[in-house]
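Step one of this worksheet: look at the structure below.
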Amino acid sequence: MNKTLLVTGATSGFGRAIAARFANNGFNVIITGRRKERLAEVESELLKTGTGKVVALNFDVRNAGEVNAAIGSLPQEWKKIDILVNNAGLAAGSEHIDQGSTDDWDRMIDTNLKGLLYVTKAVAPLMVEAGSGHIINIGSIAGKEPYESGNVYCASKAAVKSLSKSMRIDLVKHNIKVTCIEPGMAETEFALVRFHGDAEKAKSIYKGIDAMTADDIAGIVYWCATLPAHVCINELEVTPTQQATIVHKNIR
Ligand code: NDP
Ligand code: 8X3
């Protein structure tokens, strides 16, 4: 029987590439995101190239009611979710702490932290019932090393790192693996969102750096998810070769 993956934030970047990687390797894939048209575009692409089945769920991870209704609406055969990738997330703004926008702060905390919790709360009990599963949280090197103007984003990803360990401790007796992947710079829509749609500024972030691609991250997630049952990658930091540490010289 095909295994099933649920990946949040599959309309762009890492999530889209992760969905494609698993679908192309025979997994049934549940994709999620807020942008309905994009979701439909990704769904039809996966159906064309992949060999498994696809379900698209349109919800905002910040809304616990929407999360529960969407996951609760899955047909019974889709409720055996083998792998959950908590990927949906964002940085909003790049101001010093005294000048930051509380709207941006709320967006980051509500998405990166509370959204991840709501989705986990909806899926983890299904894995407990099944007696197995793998939860892969997309953290960031920003969660390990705070940088100038990263403040709330860095804190939200530090929370993802901490939560991943707690989740692993709580769920280990149910045979559920928990992995936290901590990427450095990868060129997706991430910087465009961070700079509120300023494409020029977004592009400038990667000047002089051969950044990672979404596909690089998808390959790593796939590798973590397909190791033998008795092996769990707990944390994995990955950066472009040119990024030995946080380099954000271009962020401000
Ligand atoms: P993208 O902006 O390309 O993709 C983000 C995805 O998250 C989109 O599919 C978006 O879908 C979804 N998303 C955002 N907010 C919500 C929400 N409230 N509800 C549902 N879905 C949401 O960025 P990346 O692919 O780069 O980012 C993916 C993850 O990786 C994030 O958690 C990010 O913090 C992390 N990361 C990124 C790095 C990078 O350099 N790119 C490095 C380290 C970590 P939609 O708008 O349709 O809802
Ligand atoms: C995104 C990576 O270095 O831009 O999480 O903060 S970084």
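The values are calculated or read from the model by the stated rules, or taken from the named source; none is laboratory data. None of these values were measured; they are calculated from a predicted model. Methodologically, a virtual Cβ is constructed for each residue, glycine included, from the backbone with ideal geometry; neighbour enumeration extends over all protein chains shown. Accessible surface areas use protein heavy atoms only, side chains included; no ligands, DNA or RNA. Shrake-Rupley method; radii C 1.70, N 1.55, O 1.52, S 1.80 Å.
Applying a threshold of 8 Å to beta carbon distances and a minimum spacing of six or more residues, or different chains, the list of pairs starting in region 96-125 at a residue that is touching a residue at least 60 places away in the same chain (Cβ under 8 Å) and ending at one that is open to solvent by 70 Å² or more (accessible area, probe 1.4 Å) reads G115/R62. Just one residue in the set I18, I31, I71 is at pLDDT 95 or above, open to solvent by less than 50 Å² (accessible area, probe 1.4 Å) and touching a Phe, Trp or Tyr at 6+ places or on another chain (Cβ under 8 Å); that residue is I18. Would you check if there is a residue in region 176-196 being more than 16 Å from ligand 2 (Cβ to nearest atom), over 26 Å from C154 (Cβ atoms) and not basic (K, R)? Taking every residue of region 176-196 in turn, at least one turns out to be more than 16 Å from ligand 2 (Cβ to nearest atom), over 26 Å from C154 (Cβ atoms) and not basic (K, R). When residues in region 120-161 are screened for being in contact with a helix residue (DSSP H, G or I) (Cβ under 9 Å, 6 or more places away or on another chain), within 16 Å of ligand 2 (Cβ to nearest atom) and of a type in the set (S, T, Y), 4 of them pass. Please determine whether any residue of region 148-156 is among the aliphatic types (A, V, I, L, M), within 16 Å of ligand 1 (Cβ to nearest atom) and open to solvent by less than 40 Å² (accessible area, probe 1.4 Å). Yes: one or more hits. Could you say whether any residue in region 89-111 is farther than 27 Å from G197 by Cβ and over 18 Å from the mean Cα position of the chain (by Cα)? For region 89-111, residues farther than 27 Å from G197 by Cβ and over 18 Å from the mean Cα position of the chain (by Cα): absent.
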